[in-house]
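Student: One structure is given below, represented as structure tokens, and several questions about it will come after.
The values are calculated or read from the model by the stated rules, or taken from the named source; none is laboratory data. This one's a predicted model, so the numbers in the text were calculated from it and none came from an experiment. All Cβ positions, even for glycine, are placed from backbone atoms using ideal geometry, and neighbour counts span all protein chains on display.
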Amino acid sequence: MTTCRLRGARLFDPANQVDGQVRDIVMRDGRVIALDPRAAVDEEIDVRGSIAMAGGVDLHSHIGGGKVNLARLLMPQDHRRGIDPWPLPADPLELASCGHCAPGTLATGYRYAEMGYTSAFEPAMVASNARQAHMEMGDVPILDHGAYVMLGNDELFLQMLAAGEDPQRLRDYVGWTIHATKALGVKVVNPAGISAFKFNQRQLDVDERHVHWQVTPRQVVRALARAVHELGLAHPLHIHASNLGVAGNIESTLATIAALEGLPGHLTHVQFHSYGREGPRKFSSAALALAEAVDAHPNVSIDIGQILFGQTVTASGDTMRQAANADLASPRKWSGADIECDAGCGVVPFRYREQSYVNALQWTIGLELFLQVRDPWRVVLTTDHPNGAPFTSYPHLIRLLMDKPFRDEQLARLHPDVAAQSPLKDMARELTLYEIAIMTRAAPARLLGLADRGQLGVGAAADIAIYPEQGDAEAMFSRPSWVFKDGEPVVRDGRVVATPVGAVHVAVPQFDGGIEALVARRLGRPLGMHKRWAVIGHDELCTCCNGGRVLASACAPRSL
Amino acid sequence: MPASAPSSGFAWTCPFCPLLCDDFALETDALVPVLRGSDCPRALAALARHARPPQAAQARVDGQPVALAQAIAEAAGRLAAWRQPLFGGLGTDIAGARALYRLAARTGAICDAADGDALMTGVRLQQDRGQFTTTLAELRARADLVVCMQTSVIERYPEFFRRCELDAPGGPRPALVFFGVPVPAGLPTGLEARALATSGDAFPQLQQLAALVALQRVPQASPALAELATQLRAARYAVLLWEPAALPSHALLWAEMLQRVVATLNRHTRASTLVLGGGDGAGSVNQVFTWLSGLPLRTRAGPDGLEHEPLRFGAARLLADHAVDGLLWLSTFDPSRLPPATPVPRIVLGPPAMARALPARRDEVFIPVATPGLNAAGHLMRTDGLVIVPLAAARDDGLVDAAHVLARLGERIGAAS
């Protein structure tokens, strides 16, 4: 039982309303404890001149699962440096692992930790691919992790919805799926659209009918949001709305918010869903409309999915939209899959260019959203790694948000029409460290129901990042002097010093076990998920996750 | 028809081919496990190679029986001394692959699967062009046309059509076409098929088919190909099955042309491909290496960095060029899959039965290991590359897992350095 005191940092801990005051933090047994400032400790670390925050929490980052591995395979050029091989790590603790936009799981863990992040969540786990997702996340060192299982395109759910099944049965089915796949949350991607694409439907707006099942995305969103709410999951339904990337899709996004009918919903990578069709190019920013809608709907939270310029690869469950965008691939290649009457995926390499009108506008739309939504507790900083940009660009993004002159400098380099017309140039707001701490720590932890993460009050997990304070926020957030995971140092001066296995967060909802008979009838055929192995048990989850701890969140059922 | 109903015995998932059939049963009381619910010749042949060992399995060093710990210590010492190790075979499951990568990264080994050439066809296709794929359940639910491209399918995947229920009474019964090969004997009852382009290398016909599907003008087009092109364009969901191991040496050209056909079709209707391959653990190991490091097999953590050489790092080529000075061979599923005859020193991990087939020689450590899905638990990736299936131990032969041995090798080498 050793105690360690971090002495003298300015603390930014919004969950406990601490805004930059100098506070000591004392850790024991992986937890933050209260201790008299004069009491002796086993170790004292002088961190004066630094800022302290809880470890970063990324609630939407594609870090593991089938489509991520397809992206790695599709991008060999991402795993070398020009014609040279990717150098081996200088740090003997690191195993060789490489990649920029599609890094190996080992590199993913090292690079996140080096920025002061200690948790990341895979937002698009395909139920039939859940084991792979958990294995890949288990092979991400240091970080805690968890996943949202995709529903709303699986044939069983669509069939039940089309048949007018009792909402309780739908709820039980959603609960069973979370239980079977060991998910933390539920995501819907292009509601009913991935399935519709298998029936050769190329577009599906919120009130259009799936050509086969005759259900609409509005019905799917409403039914899933209700099920997630009634099951008592902490995280609201995670929604990748209809018509991703389509000019004018703000109407679909607003209709999706309306479809929630007041139930909680988290709209993800909203940058890709906030497009108008004004102007000579019929493509414009609808950031203000979305920001106003978020302000007006306290049941809605968002993450941004900011794009940043350069090469990346987009990996999405949205086969319909990825197939439509495949001709824009750079380099020109792509992969897609129809998966197990359950889901789909599309992987399209993409290069965002400053001189592209559309890309430049996307960049400004993301930043406009960050700066226009009033309540930072409902905004999470993401690039939808790797779809908008790799997660390693977070420090750059933070500087863009905190530093108006820097932002203006970048804006001036963009396509001239965008640079001249964007309302961004008139937005003077600079986010504070307190707001950054909300958007990168406190808010995502709260939205996921992780009571002891994303904050540093007494009893919180000692996931802590210490950044030597400096004027350049990008430099500061790139290189913490210390990162602690559950009280143990994992990074020192930008170098990984320990690689513990992270824990997996799962939700434990209650549901009527009678639903298993229906699922077994459906699945208990010689392929698809055999009923014998449809459920990932606790021990198997541990094996998949490399022996990491299972952090289970109980769910208290709610009524409408 | 299945030989007998899986009414008794251990509810079993067969690990011996990447279809990972999970509707069979296994009776393990007999010396050779008895398969119930299937007469799959591939499974039966594999089971026959896994008779219960007559006595406790024995590790060997240079032909002499030794204790397991001693064999591991000896193997670690030799492996650490090799300047350029080659890890070959790679017949293991996901846990084995996770341990293997750590060992390879520490030792700078080059890793290549026993079926590395076939595996690399799929990898290079994905690297160069990408692909559109489907899965077994999707094929069953949706396909109204299945074209088997230059593969009989059932020669190496005898259960395929039954597994996808294409023979089920009242089932969807898609049209079935064999392209480049004759209709094989032994299709499940009730399946009807036709064949075309059956003489010689059918690649030129495939080119023609791609042009016809794209509505390009093809002078003197073959009527049979034109008919297939029309059928493909009219299908709601066509699936092109292919098997890299069954393709000629220019397999990648084949694969890219198949993808072109599917990409053309997907402009106005739906189509997909499904690959048959990655068995004996190769597909699983490739996936694991990719997720851990970012790069697939035929990679090494060499002095210049992580070098990926999909052609140059083929095991046969490296051995022929004397480019490696030690071979670690891993084949936990198939005891008859012996390491290549090579004068370089070897460390061999395989089922106990492999020891009998390996002539005792100097410069060799043999360590008996368990077979996931037979006498150990484990996980394997199915042929469609998107479903990982858990395997259970059907019997206990007191063997250690390959993952355990590989981890201990790594610990010893790490401690020594």
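Student: For B:Ala197, are the conditions met, namely being closer than 18 Å to B:Ala137 by Cβ and at pLDDT below 90? Spell out the reasoning first.
Tutor: Details: closer than 18 Å to B:Ala137 by Cβ: no; at pLDDT below 90: yes.
No, not satisfied.
Student: Oh, and also: Starting from segment B:153-171, keep only residues that are over 18 Å from B:Gly37 (Cβ atoms) and within 13 Å of another protein chain (Cβ to nearest Cβ), then list their pairs with residues that are surrounded by 16 or more Cβ atoms within 10 Å (Cβ to Cβ) and not β-branched (Val, Ile, Thr) whose Cβ atoms are within a distance under 6 Å, requiring at least 6 positions of separation or different chains.
Tutor: B:Gly171/B:Glu165
Student: Follow-up question, since we're still on this one. Among the strands (runs of 3 or more DSSP E) lying completely within segment B:314-416, list those that include at least 3 residues that are under 30 Å from A:Asn129 (Cα atoms) and either in contact (Cβ under 8 Å) with a residue 12 or more places away in the chain or in contact with a Ser or Thr (Cβ under 7 Å, 6 or more places away or on another chain) (or both). Can you show your working first?
Tutor: Numbers: elements: B:326-331, B:346-350, B:364-368, B:378-381, B:388-391.
Per the criteria, B:326-331, B:378-381, B:388-391.
Student: Still on this model: Determine which member of the set B:Ala407, B:Ala402, B:Ala370, B:Ala376 is outside the structural domain of B:Ala25 (by TED's automatic domain parsing), surrounded by fewer than 24 Cβ atoms within 10 Å (Cβ to Cβ) and at pLDDT 95 or above.
Tutor: Values: B:Ala402 fails: surrounded by fewer than 24 Cβ atoms within 10 Å (Cβ to Cβ); B:Ala370 fails: surrounded by fewer than 24 Cβ atoms within 10 Å (Cβ to Cβ); B:Ala376 fails: surrounded by fewer than 24 Cβ atoms within 10 Å (Cβ to Cβ).
Answer to the check: B:Ala407.
Student: So, in segment A:456-498, how many residues would count as being touching a Gly at 6+ places or on another chain (Cβ under 7 Å) and surrounded by fewer than 22 Cβ atoms within 10 Å (Cβ to Cβ)?
Tutor: Total meeting the criteria: 5.
Student: Let me ask something additional. Show the residue pairs meeting these rules: Cβ distance below 9 Å; 6+ apart or different chains; first residue within segment A:415-431 and at pLDDT 95 or above and part of a loop (DSSP other than H, G, I, E, B); second residue surrounded by 13 or more Cβ atoms within 10 Å (Cβ to Cβ) and basic (Lys, Arg).
Tutor: A:His415/A:Arg353; A:Met427/A:Lys404; A:Met427/A:Arg407; A:Ala428/A:Lys404; A:Arg429/A:Lys404; A:Glu430/A:Lys404; A:Glu430/A:Arg407
Student: Hey, does segment A:244-262 have a residue that's in contact with a Gly (Cβ under 6 Å, 6 or more places away or on another chain) and under 26 Å from B:Thr135 (Cβ atoms)?
Tutor: no
Student: How many residues are farther than 23 Å from A:Asp493 by Cα and more than 7 Å from chain B (Cβ to nearest Cβ) if we restrict to segment A:85-117?
Tutor: Number satisfying all stated conditions: 1.
Student: Working only within segment A:334-345, note down all residues that are closer than 23 Å to A:Val149 by Cβ and in contact (Cβ under 8 Å) with a residue 40 or more places away in the chain.
Tutor: Quick first cut of segment A:334-345, residues closer than 23 Å to A:Val149 by Cβ only: A:335-345.
Result: A:Ser335, A:Ala337, A:Asp338, A:Ile339, A:Glu340, A:Cys341, A:Asp342, A:Ala343, A:Gly344, A:Cys345.
Student: Counting just the residues of segment A:339-363 that are in contact with a Phe, Trp or Tyr (Cβ under 8 Å, 6 or more places away or on another chain) and assigned to a loop (DSSP other than H, G, I, E, B), which one comes out farthest from the other protein chains (Cβ to nearest Cβ)? Can you show your working first?
Tutor: Here is the first cut: in segment A:339-363, the ones in contact with a Phe, Trp or Tyr (Cβ under 8 Å, 6 or more places away or on another chain) are A:344, A:346-349, A:352-354, A:357-359, A:361-363.
Keeping just the survivors that are assigned to a loop (DSSP other than H, G, I, E, B) gives A:353-354.
Numbers: A:Arg353: 21, A:Glu354: 26 Å.
Result: A:Glu354.
Student: Can I ask one more? Does segment A:365-372 include one or more residues that are on the phi < 0 side of the Ramachandran plot, among the β-branched types (Val, Ile, Thr), more than 14 Å from chain B (Cβ to nearest Cβ) and out of contact with any strand residue (DSSP E or B) (no Cβ under 8 Å at 6 or more places or on another chain)? Full working, then the answer.
Tutor: At the first step, the residues of segment A:365-372 found to be on the phi < 0 side of the Ramachandran plot are A:365-372.
If we keep only those that are among the β-branched types (Val, Ile, Thr) as well, we get A:365.
Then drop every residue that is not more than 14 Å from chain B (Cβ to nearest Cβ), which leaves A:365.
From what's left, out of contact with any strand residue (DSSP E or B) (no Cβ under 8 Å at 6 or more places or on another chain): none.
No; the residues of segment A:365-372 include none that is on the phi < 0 side of the Ramachandran plot, among the β-branched types (Val, Ile, Thr), more than 14 Å from chain B (Cβ to nearest Cβ) and out of contact with any strand residue (DSSP E or B) (no Cβ under 8 Å at 6 or more places or on another chain).
Student: OK, next. Here are B:Ala197, B:Ala202, B:Ala211: which of them is over 26 Å from A:Ile339 (Cα atoms), in contact with a strand residue (DSSP E or B) (Cβ under 6 Å, 6 or more places away or on another chain) and away from chain A (no Cβ under 14 Å)?
Tutor: From the options B:Ala197, B:Ala202, B:Ala211, the qualifying one is B:Ala197.
Student: Could you name every one of the strands (runs of 3 or more DSSP E) located completely within segment B:27-138 that has at least 1 residues being more than 13 Å from chain A (Cβ to nearest Cβ) and among the charged types (D, E, K, R)? I'd like the intermediate steps shown before the answer.
Tutor: Working: elements: B:34-36, B:59-61, B:64-66, B:85-91.
So the answer is B:34-36, B:59-61.
Student: If we keep just the residues of segment A:89-117 that are among the aliphatic types (A, V, I, L, M) and assigned to a loop (DSSP other than H, G, I, E, B), which is nearest to A:Leu73 (Cα to Cα)?
Tutor: Result: A:Ala102.
Student: Follow-up. Hey, which of the helices (runs of 4 or more DSSP H) in segment A:118-215, taking only ones fully inside, have at least 1 residues that are of a type outside the set (Val, Ile, Thr), within 12 Å of chain B (Cβ to nearest Cβ) and in contact (Cβ under 8 Å) with a residue 12 or more places away in the chain? Walk me through it before giving the result.
Tutor: On the way: elements: A:130-138, A:155-162, A:167-181, A:193-198.
The qualifying helices (runs of 4 or more DSSP H) are A:130-138, A:155-162, A:193-198.
Student: Could you check A:Ala183 against (1) buried (at least 24 other Cβ atoms within 10 Å of the Cβ); (2) at pLDDT below 95 and say which number it fails?
Tutor: Checking A:Ala183 against (1) buried (at least 24 other Cβ atoms within 10 Å of the Cβ); (2) at pLDDT below 95, the one that fails is (2).
Student: Can you find, within segment B:302-325, the residue that is surrounded by the fewest Cβ atoms within 10 Å (Cβ to Cβ) among those that are within 13 Å of chain A (Cβ to nearest Cβ) and acidic (Asp, Glu)?
Tutor: Filtering first and then ranking leaves B:Asp304.
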